[in-house]
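One structure is given here, and the rest of the page talks about it.
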Amino acid sequence: MEAWNAAYVRTEDYLRAHRIHNRLHQSRLIQAVLERAARRHAENPAIEPTTLAAEEMERMMDDWFAGVLKAKDLRHDRIAIEGRVALLLCDGPQRWPYAFLDSRSIPDEFATAMRASSIKAGPDMAVSSMVPREIDLGPITEAAGETLERIERWPLLRVALLWVLFLGALLGIFYATR
């Protein structure tokens with residue numbers, strides 16, 4: 001019984017991670033998942049109920065996403081990604097709290113919003129060639145670079161320039177507060 005309670009808690013957490021916060025709808029979905037997991041557990045009692053519940057939840061979500069997005073030919077990983085992203089982008093759990101994993105009555109607006117939010121790949125990859133070229137930073141950066149190189153070569157000039165800047169800042173502060 002403890003293993004089934006753990007499966008219940010994990011399934012509930014998984015639904016909450018998908019922003020399904022309605023307790024009644026959560027309970028219905030958890031019951032459906034655990035019933036499917038129990039049927040599989042009867043066939044193979046060596047598998048943990050939590051594992052079976054997670055697999056059944058994934059299977060239910062894949063089937064549901066494929067039906068809503070009309071993408072039955074996609075692989076598991078692709079449909080899982082597209083479905084979850086579309087669900088979050090269309091704000092489905094908030095706008096249609098009872099529609100998630102309900103195959104009996106999917107509102108048309110919800111299905112349309114899911115399909116509109118589905119990510120489509122861009123154009124196919126094409127081979128192109130880019131020739132490296134020099135970056136032109138302009139005359140100011142060249143002058144600044146040359147000045148810094150000169151200052152690095154003459155340490156006394158560097159120290160003198162820093163003292164001039166420091167004294168100039170002090171004089172600026174002194175005259176600004178007068």
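Odds and ends about this structure:
- Single unsatisfied condition, D77 versus (1) surrounded by fewer than 14 Cβ atoms within 10 Å (Cβ to Cβ); (2) under 22 Å from the mean Cα position of the chain (by Cα); (3) not in a helix (DSSP H, G or I): (3)
- Cross-chain or 6+ apart pairs with Cβ under 9 Å, segment 140-158 first and modelled with pLDDT under 80, then among the small types (G, A, S) and surrounded by fewer than 11 Cβ atoms within 10 Å (Cβ to Cβ): none
- The requirement of being within 18 Å of D102 (Cβ to Cβ) and either among the β-branched types (V, I, T) or touching a residue at least 40 places away in the same chain (Cβ under 8 Å) (or both) is fulfilled somewhere in segment 69-78, by at least one residue.
- Among the residues listed as A99, A121, A126, the single one being within 30 Å of I20 (Cβ to Cβ), surrounded by fewer than 11 Cβ atoms within 10 Å (Cβ to Cβ) and at pLDDT below 80: A121
- Condition met for P93 (in a helix (DSSP H, G or I) and surrounded by 14 or more Cβ atoms within 10 Å (Cβ to Cβ)): yes
- For segment 48-74, residues that are buried (at least 17 other Cβ atoms within 10 Å of the Cβ) and either outside the structural domain of Q31 (by TED's automatic domain parsing) or within 18 Å of I106 (Cα to Cα) (or both) total 7.
- Across segment 27-47, the number of residues qualifying as more than 22 Å from I79 (Cα to Cα) and either not small (G, A, S) or not assigned by TED's automatic domain parsing to the domain that holds A80 (or both) comes to 11.
The values are calculated or read from the model by the stated rules, or taken from the named source; none is laboratory data. A quick note: this is a predicted structure, and the numbers were derived from the prediction, not measured. FYI the Cβ positions are ideal-geometry reconstructions off the backbone, even for glycines, and counts take in every protein chain you see.
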